[in-house]
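K.L.:
Below you will find the structure I want to go over with you.
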Amino acid sequence: MNQFAVKTWWGKLPIALVVVVGLVVGASGLLATPVAAAPAHAQTATSVSVHEISKTILPQTSIDGPAFSSLSDYVPNPSTYPPNSYPATAIAWAGTDPQHFLYLTYAPDGLTYSNPVVRLPESSTMRPAVLLYNNNHIGTLPPTLIVLAWTGTDQNHSLNVMFDVLGVRQKLILQDNSLSSPALAYFNGQVWLAWTGTDPGHSLNVMAMGPDGVTPGAKTILRGDGFSSRSGPSLREDRPDNLLLLTWTVLSSPAYIDLAQSSDGVTWATSFSPPPPQTSNTGPDVMSIPTGQPTDYWTWTGTDDAHSLNIAYTSTLASWPAPIITLDEQAMGSPELGYSSKLKNSGVVILLAWAGTDPAHHLNVAAFQIG
């Protein structure tokens, strides 16, 4: 079992509303600017219990942190798909080979990556984004679908999206571009894409991509200092609250992590003002699980000399008591969260994926029982 330390606490602030300025389809997009929030209110500490259940070190290596996605509460018709015959988690990465090809594999339980590794004829100099979600296409296999997004190695650093990576692949190259990794989420029947723009302010962008991820809609550009990012963001669905969650590391110094939420993917609200005093040189990740307690999790690689992994969690998105748990694990790049209901007889297990700080930067996935 790893050793953990509770580092600090922060108070949760009332949500700061975002003013919607206008809507433009195409490159200009929907502009949004933040409004200041009220002063912070102190929170009451609660006990912290974290147990590492298991850890897998994959033989694969990466030039950046991995992309990770889970759908462990989805159970297709057992007469058609026997248990553990479909992906519960998917992991993707940019390889350490000279071409930096994109690779992907999946597990039926979150930790057993015995399936063949798929090498795609695509390259990126940073990690991709991966999304695993329910198959609502009647008569289409498999029962879960995988979408991949990445920043290309072309001169424009174009954003790319690929639908049904393990099946009949459909690829879209966007006119939009980024110098960082994109993010994916499934929300309100659509795939959503988020990225950090190449404008001088490195503004955050969010776009609905249709049910298959290859039908771009209107683009929302989040303007203002608070929505400037120094790395790629993370985008997640919060099913219990019917929200999209967006998290990033601010462009200004210190490099605080920040969080915003939206009920429609267009109008966004910042969750903190100013951001909590937690810093990272890479992007954080956020996750809300549909069952179990606690429900909401936040993770990032610290700015300490060891680049330690940190997790904060809460039982309600509206109030972060947020004990900061520093794990006895270190990462290169950003970590990513997932969950599984298949590793214990009861309860939900939290998964964390990252690239190690060993010389080869092997991929790691660990399971934790929290609370």
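K.L.:
Determine, for V117, V191, the number of other Cβ atoms within 10 Å of each Cβ, and report the residues in order from fewest to most.
P.N.:
Neighbour counts put them in this order, fewest first: V117, V191.
K.L.:
For a label point 7 Å from the Cα of D212 along Cα→C-beta, name the residues of the stretch 160-199 whose backbone N is under 14 Å from it.
P.N.:
Under 14 Å, as judged by backbone N against the label point of D212, lie 161-173, 191 of the stretch 160-199.
K.L.:
Which ordering of Y313, Y113 is given by a fewest-first count of other beta-carbon atoms within 10 Å? Present the calculation step by step, with values, prior to reporting the outcome.
P.N.:
On the way: Y313 23, Y113 20.
Listing Y313, Y113 from fewest to most nearby Cβ atoms yields Y113, Y313.
K.L.:
Just tell me which aspartates and glutamates come within less than 15 Å, Cα to Cα, of K342; anything on the same chain fewer than 8 places away is out.
P.N.:
Within the straight-line cut-off, K342 pairs with D73, D109.
K.L.:
Compute the length gained on full extension between N281 and D241: take 0.36 nm times their separation in residues and subtract their Cα-Cα distance, giving the result in nm to one decimal.
P.N.:
Values: separation 40, 0.36 × 40 = 14.40 nm, distance 2.94 nm.
Gain on stretching N281 to D241: 11.5 nm.
K.L.:
Rounded to the nearest Å, what's the spacing between the alpha carbon centres of the stretch 248-272 and the stretch 127-196? Just the number, please.
P.N.:
The two parts, judged by their Cα centres, are 22 Å apart.
K.L.:
Something else about it: Got a sec? How would R239, R230 order by Cβ neighbour count within 10 Å, fewest to most?
P.N.:
Working: R239 15, R230 18.
Lowest to highest Cβ neighbour count: R239, R230.
Read the figures in this text as sums done on the coordinates, not as results from a lab. These numbers come from a predicted model, not from an experiment. Don't worry about glycine lacking a Cβ; one is built from the backbone with ideal geometry, like all the others, and counts go over all protein chains shown.
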